[in-house]
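Encoded as structure tokens, the structure appears first; notes follow it.
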Amino acid sequence: MTVIPRSHPRYRSLLVRAGLAEEMQRGLVVPEGLMAHGRGEAFDYLLGERTTPSAARAAQAAAARLLLAERPVLSVNGNVAALASREVAALARAIPHLRVEVNLFHRTPRRAELVAHALRAAGVKEVLGVRPTARLRGLASDRSWVDPLGILRADVVLVPLEDGDRAQALVLAGKFVIAIDLNPLSRTAVVAQLPIIDELSRALSHVRREAVRLRRKAPRTLRAIASSADGPALRGEALSTIRERLLKLSRMRT
Ligand code: PTJ
């Protein structure tokens, strides 16, 4: 593996890339996952590589929504397992009734096992969806395979790095969809009732912190917080952040 000097201004970003490339060699991440990551990085640049105030509000609303849910599920693909298994495990500890399910676009039994292994190694106690037996209606891809004890009966589904088709199918199946996606223009961000437009690890950590802070609040308070975030407004605010940053940067002389 290439040695990345700690002094490199993009050290963390290069380290994450190297980790993903390594996980692609092992088969946890698919080559398409690297492209998806590149797109995410580009939007993170545009957004300033930090959690914006509107993304923080979305994360807070997501935490309240997950705490209120009866059968919440967090859906995990190859990129999510490679980038944020620890954050997934920490969130599952903070919200004990949150179930964790493997869901893959490029599904093979081996990849499903690799994702489950990464999650268990990070501390997730129960992993659903390794050998799913049910299918989500209206979806032709392998993403339609779901666990009857997980996504199939879930009322709220948290879907990081999702493709728009499945987000749409989940909404049509009557689920409340919380998406994590850096691209405010993606179909996933558009169809999800609650898009968190932020980087995956930052967003999951934020939702966890909010869940810990909110978990003893009364349901009435949680309901007010959960309904305080509005999808189109969140996307609009992300686009405004990008526009303002670009305007400011375009006026700078250095
Ligand atoms: O592991 P599999 O087989 O399920 O495949 C996973 C990928 C990611 C390849 C698959 O879901 C895919 O093709 O996703 P898309 O359609 O490229 O969508 C990924 C979205 O996530 C894009 O809108 C990216 O901007 C966004 N994204 C990428 N990396 C991050 C991100 N959002 C937040 N944090 C990131 N680190």
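Listed values, structure above:
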{"quantity": "Using θ = phi - 60° and Karplus 6.51 cos²θ - 1.76 cosθ + 1.60, couplings along region 138-150 (whole Hz; Gly, Pro as x)", "calculated": "x, 9, 7, 6, 5, 5, 6, 6, 9, 8, x, 8, x"}
{"quantity": "Using θ = phi - 60° and Karplus 6.51 cos²θ - 1.76 cosθ + 1.60, couplings along region 207-216 (whole Hz; Gly, Pro as x)", "calculated": "4, 4, 4, 5, 4, 5, 5, 9, 5, 9"}
{"quantity": "Cα point-scatterer Debye curve for region 136-179, base-10 log of I(q)/I(0) at q = 0.17, 0.29, 0.33 Å⁻¹", "calculated": "-0.38, -1.21, -1.50"}
{"quantity": "Gaussian network model of the chain, springs between alpha carbon atoms under 10 Å - residue of GLY40, GLY164, GLY19 with greatest fluctuation", "calculated": "GLY19"}
{"quantity": "C-alpha center-to-center spacing [region 172-242, region 34-102] in angstrom", "calculated": "9 Å"}
{"quantity": "Test item: Cα-centred dipole of the chain, Lys/Arg +1 and Asp/Glu -1 on Cβ, debye", "calculated": "660 debye"}
{"quantity": "Phi to ³J(HN,Hα) by Karplus 6.51 cos²θ - 1.76 cosθ + 1.60 over region 225-233, Hz, x for Gly, Pro", "calculated": "5, 4, 8, 7, 9, 10, x, x, 5"}
{"quantity": "With every protein chain in place, the chain: carbon and sulfur % of accessible area (1.4 Å)", "calculated": "54 percent"}
{"quantity": "Charge dipole (region 53-240, unit charges on Cβ, about Cα centre) - positive-most of ALA112, HIS97, VAL207", "calculated": "HIS97"}
{"quantity": "Length-normalised contact order of the chain in % [C-alpha pairs under 8 Å, at least 6 apart]", "calculated": "23 percent"}
{"quantity": "Average accessible area per residue (Å²) across region 103-198 - probe 1.4 Å, nucleic acids and ligands excluded", "calculated": "42 Å²"}
{"quantity": "The chain: calculated mean residue ellipticity at 222 nm from DSSP helix runs of at least 4, using -39500 (n - 2.57)", "calculated": "-17500 deg cm²/dmol"}
{"quantity": "Equivalent ellipsoid semi-axes, region 53-240, via Cα gyration tensor eigenvalues times 5, rooted, Å", "calculated": "23, 18, 15"}
{"quantity": "Candidates GLU49, GLU23, GLU162: whichever shows maximal mean-square fluctuation once the chain is modelled as a Gaussian network with Cα springs under 10 Å", "calculated": "GLU49"}
{"quantity": "Hits among lysines - C-alpha to C-alpha of LYS175 under 27 Å, sequence gap 8 or more where chains match", "calculated": "LYS125, LYS217"}
{"quantity": "Bins of 10 Å, starting at 0 and running to the largest distance - Cα pair percent for region 153-254", "calculated": "14, 39, 32, 11, 3, 0"}
{"quantity": "Counted charge near LEU104, where neighbours are those whose Cβ lies closer than 13 Å (Asp, Glu -1; Lys, Arg +1)", "calculated": "-1"}
{"quantity": "For SER250, solvent-accessible area (1.4 Å; no DNA, RNA or ligand), Å²", "calculated": "90 Å²"}
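The values are calculated or read from the model by the stated rules, or taken from the named source; none is laboratory data. Remember, it's a predicted structure, so these values are computed and weren't measured experimentally. Counting neighbours? That spans all protein chains shown, and the Cβs are built from the backbone with ideal geometry, glycine included. Remember, those area values only see protein heavy atoms, side chains included, never the ligands or the DNA or RNA. Shrake-Rupley method; radii C 1.70, N 1.55, O 1.52, S 1.80 Å.
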